[in-house]
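Engineer: Take a look at this one; I'll ask things after.
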Amino acid sequence: MSFNGFFNYLFFLFVCCGLFTLIDRCVNTRIKAVRTGIFILFLIPGYMSFQNENAPDLGRAGGSYQPAEYIEWIRSHTDKNDVFLVSNPHMAFYEVQPYTARKIVASERGHMNFHVDFDKRVKDKSRMITSDGLDEFHQTASFYEVKYSIINRGDVSETRFLFFRNNFPLVFEHGNFIIVKSDIMNIRK
């Protein structure tokens, strides 16, 4: 429902309210109950329609979402069992995980698997992203078997961004983020 459609819907509700006010003049409570039921039946589908048409389309059935280039790259160049360290929790949960079916170290609270220690994973993710050196990074990354890191420039300092860019092979770059192959076998010496 477009902005115009929303006002059309409001006008329709206004007319319905006028009709219901006329019906309300009847004293019969059964008619009032029917009127309330009809009013609710008009409200629910209209509200749902407005919500569905104004929500961002994230690949729902019949939607027009086109996966970003990096999603296609991940699908075609990585194994389904590869684990990703993603600096942006929103990107991890809403893009990487659902569109690639790859494992991630940590996501947003409430979107993690309930059978893992969420707090430990978030701390370990933070430790990997802010590590002082390669040994510290790989000590934690090897525990989760992290193979790739997706680092968003807006989520980390420039020093941290360059740490990943300079120490690991760059496999994909797009705008403000990079994907590097960060397993222990791919350290630049």
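Engineer: Could you tell me which residue of the range 103-148 is farthest from the chain's Cα centre (by Cα), considering only residues that are modelled with pLDDT under 80, exposed (fewer than 13 other Cβ atoms within 10 Å of the Cβ) and hydrophobic (A, V, I, L, M, F, W, C)?
Structural biologist: 116
Engineer: Looking at the range 80-108, which of the residues that are in a loop (DSSP other than H, G, I, E, B) and touching an Asp or Glu at 6+ places or on another chain (Cβ under 8 Å) is nearest to residue 146 (Cα to Cα)?
Structural biologist: It comes out as 105.
Engineer: Which of the residues spanning the range 127-173 are aromatic (Phe, Trp, Tyr) and under 20 Å from residue 73 (Cα atoms)?
Structural biologist: First, pick out the residues of the range 127-173 that are aromatic (Phe, Trp, Tyr): 137, 143-144, 148, 161, 163-164, 168, 172.
Selection gives 148, 164, 168, 172.
Engineer: How many of the residues making up the range 140-162 are out of contact with any strand residue (DSSP E or B) (no Cβ under 9 Å at 6 or more places or on another chain), farther than 21 Å from residue 103 by Cβ and assigned to a helix (DSSP H, G or I)?
Structural biologist: Within the range 140-162, residues that are out of contact with any strand residue (DSSP E or B) (no Cβ under 9 Å at 6 or more places or on another chain), farther than 21 Å from residue 103 by Cβ and assigned to a helix (DSSP H, G or I) number 3.
The values are calculated or read from the model by the stated rules, or taken from the named source; none is laboratory data. Only a predicted model underlies this, so the values are computations on that prediction, with no experimental measurement involved. Neighbour counts are summed over all protein chains in view; Cβ atoms, including those assigned to glycine, are modelled from backbone coordinates with ideal geometry.
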